[in-house]
Every structure is written in structure tokens, then in C-alpha cells.
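Heads up: the structure comes next, in C-alpha cells.
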Amino acid sequence: MPGFLRSRKLRIGDMLVSEKLITQEQLDRALEVKNESDKKLGEIIVELGFASEENVVKSLSNQLGVEIVSPSQYKISDEILAMCEGQLLRKHLMIPFEMANDNTVRVAMADPMDINAIDDFTIVTNLQIEPCIATTREINIAIDKYYGNAEALTAAEQYASERKAQLAEMEEDETNADIENSPIVVLVKNMIEQAARQRASDIHVEALQNKVRVRYRIDGALQEKASYDIQLLPAIIARLKVIGGMDIAEKRKPQDGRITLIVDRREYDIRASILPTVYGEKAVMRLALKTGLQRDKSELGLKPYEMKVFDHILSNPNGIILVTGPTGSGKSTTLYTALSELNKEDVNIITVEDPVEANIDGINQVQTNAKAGLTFASALRSILRQDPDIIMIGEIRDAETAGIAVQASITGHLVVSTLHTNSSAATVTRLTDMGLESYLVADSVVGILAQRLVRRLCPACKRMRPASRDEKKLMLLKDLDQEVNIYEPVGCPQCGETGYFGRIGVYEIMEITPALKRIISKDMGTEAIREQAIKDGMHTLRMSASEYVQEGITSVTEMLRVSFEE
């Protein structure tokens, strides 16, 4: 036991007061809440908004002289992991991560002064502790990473044995399964929490022939995280239907639902989709932070010259601005960011979406409802009678919606929307293919932004090497003899052995210039539009991605993935 803990019997609250991080009144209030809760005082202080978690950690580190660590970035050995069960570590918010010497282990703790936690750990392991400090979120991520699968399997086994006992007592219909059964509740909750902490955008729960496979989409790539006995599938799906507000008895039709969950004090909006497949129902959950879509413009990853063009396009009083790209390329984030930028007191902004992905203060948002006859087209007709300045259409899906959007823009409204096309130039052709006259497209569209997301190379493990001649050609370099260094992915504990961590946007912004208007109105085709746009200064997706490769932000493989057609 560290001497400072035994001798001074310090308390976290007193230390935070002495550091002037919180007031005595705030400490008293937090202690009142603690009397009615089993949470730690530090957690309560953060939840009440008296101090940020990072500031609490820095303050305690200064006062106690203990190191701040990030346990999820260590490769923790199996011997250390076997010392203690995940349940005890989660209870005390601590995790051992490396040996200091033969009889002392370094442990990351949310509260290094928690004597009960230190005593429990010492009794179980028979080792001395060298406490370090880490945020609650960091400790939870590390526990999920190393103990999460074991905890989920324990819950799954517990459910399976209880289910077997029930079936032995009586023949029970599958639809009457006890879906509130505690282990399944724990299993589903853990599944979603782990996904949120691992930055997953989607969770796939798949019914295979003899097992249930769980995969997370992290940075755009699916990774298998767990598999369970196929007998657990009905209970998992039933639990998701309950929390998603779906019909439990309906198993033959696809269903959609919505779940709101708070993970580490951050609110997630989860869209759940259930689809009947050959071996049972498959569930996909799309995770979105409630605040995630509303970002500052500077966070989009636009380069300075792209930001200048983007700002100029947004300053148009009327016309159509289109954001294009495949599903999952960040179109919604860009649209919401643009709307937040345009959201001023003197403008009336109305959106029509399917579904409304995030609520923005000061904007009137309409959700389509096909059953009630509220389609994009019918909603738009009504919106035009609501005196709007700016209209956002979630997606232009048909000729009718496109026609109304064009009419709205020509009559003095600014319309922003999305379209599924591969490039900025191809978007114009798509609109004319929908049946719009080319002169109307030329007159109404003011800017098109095609975008993709590339994975960022992990800064901790990326490896530099010289680019080959073929790679220089792919990167569109003019001098193939010049020496160019590029980076490739390796894999380490920090990035989950993938070599990548996080994503960044790649953009192709086409502002409609007078020269482009003439080409569009003459209906000269995609290639002519593309050539003129490049002459006017547009950087294609390949050019933009190539810059990221040369800067060491991403790899050649990622560049090719997002600009293959070029």
C-alpha cells in the first residue's frame, strides 16, 4: 500500500477543493448525491458538471504525484490479465497494465486514493500496487478490450443455462421467452457500450447456420468481435425490439426502431433495423452521437483552399448546393454543418428528411411518413408555402423531388440536398437523366461537393518507405524520378492492430462557373464538365487523397479505395 494513502488518509473531494477545481459548496452537494448512489465521488463531480474529467485527473496527478496513463494503449500480457476478474476491476474502475517489479504491479485507477479498491486487489493478487491515474472512459475502454468478450460470454452462458432449466420445467413457446432476463439485458447493453467506446458506427448481429456473429464497423471496416450459440438469437433480437419500440411478435417482416442510450455521459442516438434472413432475424444498429453531426466547419477536414470555395458556395442567396457520395461517406455531417453555419436569427430554415438524424435548435425539421402520404415531394410543396429562405432535402430520390427543388431554387430559395453519385461532374448528368432540362440544371445548381472518408494511419505505428514508380503515377506526380516517401499501416495496441485510427474527409468541390454553365446547358456530358472544372481549379478526389498520402495522413490503398474510378 503506498505510504501517502495510509499516513494522510486523503480524500478526493478535499484535494479538488484545495486545488480550487471545485468549491466547498459543490463538494457538499456531490457528497449528498453520493449518499444515494454507488458511484464514485469523482464520477459524480463530473456528472454534475462541476469539473471536466480531464481536469479532475490532472489535479489529482499534481496533488499526489502519480502518473497519468492511457491503459488502452498498452499491450497487457495474459499473465497480468489473469490476476483478476473483469467484474472486480469494473466495480472499482481500475486495470493492471504492467509489472513494476516481481511483487509490484502498475494499476491505472480512476481514484488512486480508493483504499477499498487497493485492498481488494491486493487480497486477490497478493501483489503490491503502484497506482497511476486515468480517466473513467480510458479504463472502461481497456476493460472492454481485454475482458469484454469474457463478460459477454459469461452472460450468454448464464442465459443459456437458465433457458435450459426453464425448458426442462415446461415446454415454452419461443415468443414467450423471458426477454427481460437479466443476462440478455447485460449482454445487449455491453454490446452497445463496447461498440460506442471502440468508435464503431454500426453493430451487426448476424444469424449464421449454427452461431450468432457480432461485428462492429470501425473506421469504415467491419471487424468480428464475438460469436454466440444460435439459441441466443431470439432473446437478443427480442431485447433489441423491446428497447427499439418494435413489435416482438412480428418475425416475418423487416422492422425499424430507435434507441437512445447514454454511454460515458455521452448520449447516443441508435437506429436499429431488423431483417428476416434464412437462419433467423439479423439486426443492424447505426450509432450516432447526438452532438456528432453538428460540428464546426473547421472539423470537417477541408483544406484552406477548399474552405474558401465552400464558404463562397454557402454565401449564395439562392440556388441548389448538392453533397454527393455513397452511404457512410459523411454527407449528413457536411449538410448539418452547413445548416448550422447558415442558421441565423433572420432566416427561416426548413428541412425534410427520412429520418431526421439530429435535432438542431432554430431549424424546422419535417420527417417523411409514406403511410400518411408525406413524401419528399408532397412535403416540399407544403414547405414552399411556409415562407422558407433555406430548404434542406435529405435526399433527391426521384424526378418529382428534383423538379420541385429546381423550381424552389429559381424562385429565390437556397436548397441544400444529397445525391448518390460517384463524382461532382456525374451529378449534373444524373440530374439530366432524371428528366430535368439541362438549361434548368445550369441555371439552378451553384455548387457540388463530392466526398469520401479515408482512414487515417495510426500515428503510433505507421512506417515510412519510398514510393515506387507505379505509386507515383497513381498519385498523379509529374516528376516520376523525384524521391517521395509514403507511409504504410503496421498495427499496434493503440489502433487495435489495424494500422488505422480515425477518418478524415476527402473532397471534390465543383463551383459552377460561367464556363461550366455553358457546358451544362449544352448537355456536353460528364467528361467535358470534369475537364472544365479542373481548368477552373477543382481538385478531384484522387488529387485530394494524393495530398493526404504525401503528407503521411493516409495510405495509397485508402487513396485507391475512394478514387478507384479515376
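The values are calculated or read from the model by the stated rules, or taken from the named source; none is laboratory data. These numbers were taken from a predicted model, which means no experiment stands behind them. Ideal geometry is used to build each Cβ from the backbone, glycine not excepted, and the neighbour counts take in all protein chains shown. Remember, those area values only see protein heavy atoms, side chains included, never the ligands or the DNA or RNA. Shrake-Rupley method; radii C 1.70, N 1.55, O 1.52, S 1.80 Å.
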For the stretch 394-543, accessible area per residue (1.4 Å probe, heavy atoms of protein chains only), Å²: 45
The stretch 58-145: C-alpha gyration tensor shape, a/c 1.5 cut-off, then a/b vs b/c: rounded
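With a 1.4 Å probe and all protein chains left in place, how much accessible area per residue does the stretch 1-144 have, in Å²? Show your work: numbers first, answer last.
Numbers: 7150 Å² over 144 residues.
The answer is 50 Å² per residue.
Suppose we keep just the DSSP beta bridges with both residues in the chain; what percent of those would be antiparallel, to 5? Mind showing how you got there, number by number?
Numbers: 59 of 89 bridges.
Percent antiparallel among DSSP bridges in the chain is about 65.
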Accessible surface of the stretch 230-302, 1.4 Å probe, proportion on carbon and sulfur as whole %: 51
Packing rank of 322-333, 219-230, where each peptide gets the mean count of other beta carbons within 10 Å, highest leading: 322-333, 219-230
Ordering of 276-283, 392-399, 74-81 by packing [mean C-beta count within 10 Å, highest first]: 392-399, 276-283, 74-81
Solvent-accessible area, 1.4 Å probe, carbon plus sulfur percent, for the stretch 66-123: 47
Carbon/sulfur fraction of accessible area - the stretch 390-438, other protein chains in place, 1.4 Å, %: 45
Unmatched cysteines, the chain - criterion: no other Cβ of a Cys under 4.7 angstrom: Cys84, Cys132
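When a/c reaches 1.5 or more, the comparison of a/b and b/c decides; with that in mind, is the stretch 265-395 rounded, prolate or oblate per its Cα gyration tensor? All intermediate terms of the calculation are to be shown ahead of the outcome.
Numbers: a/c = 1.98, a/b = 1.30, b/c = 1.52.
Because a/c hits 1.5 or more and a/b fails to exceed b/c, the stretch 265-395 counts as oblate.
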Between helix 526-535 and the chain: long-axis angle, C-alpha atoms, 0 to 90°, nearest 10: 80
Nearest-0.05 FRET efficiency for Arg213 and Glu437, computed from C-beta distance (R0 60 Å): 0.75
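Of the listed pairs Lys253/Lys371; Lys225/Lys462; Lys91/Lys145; Lys297/Lys331; Lys251/Lys371, which have alpha-carbon separations greater than 19 Å here?
Numbers: Lys253/Lys371 16 Å; Lys225/Lys462 24 Å; Lys91/Lys145 16 Å; Lys297/Lys331 13 Å; Lys251/Lys371 21 Å.
Correct reply: Lys225/Lys462; Lys251/Lys371.
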Helix-derived mean residue ellipticity, 222 nm - over the chain, DSSP H n ≥ 4, -39500 (n - 2.57), to 500: -12000 deg cm²/dmol
Answer label for Kirkwood radius over Cα pairs in Å (calculated), chosen among (i) 24.7; (ii) 24.0; (iii) 27.1: (iii)
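How would Ser59, Ser273 rank on accessible area, largest to smallest, probe 1.4 Å? Don't jump to the answer; show the numbers that get you there.
Values: Ser59 5, Ser273 50 Å².
These residues rank, largest area first, as Ser273, Ser59.
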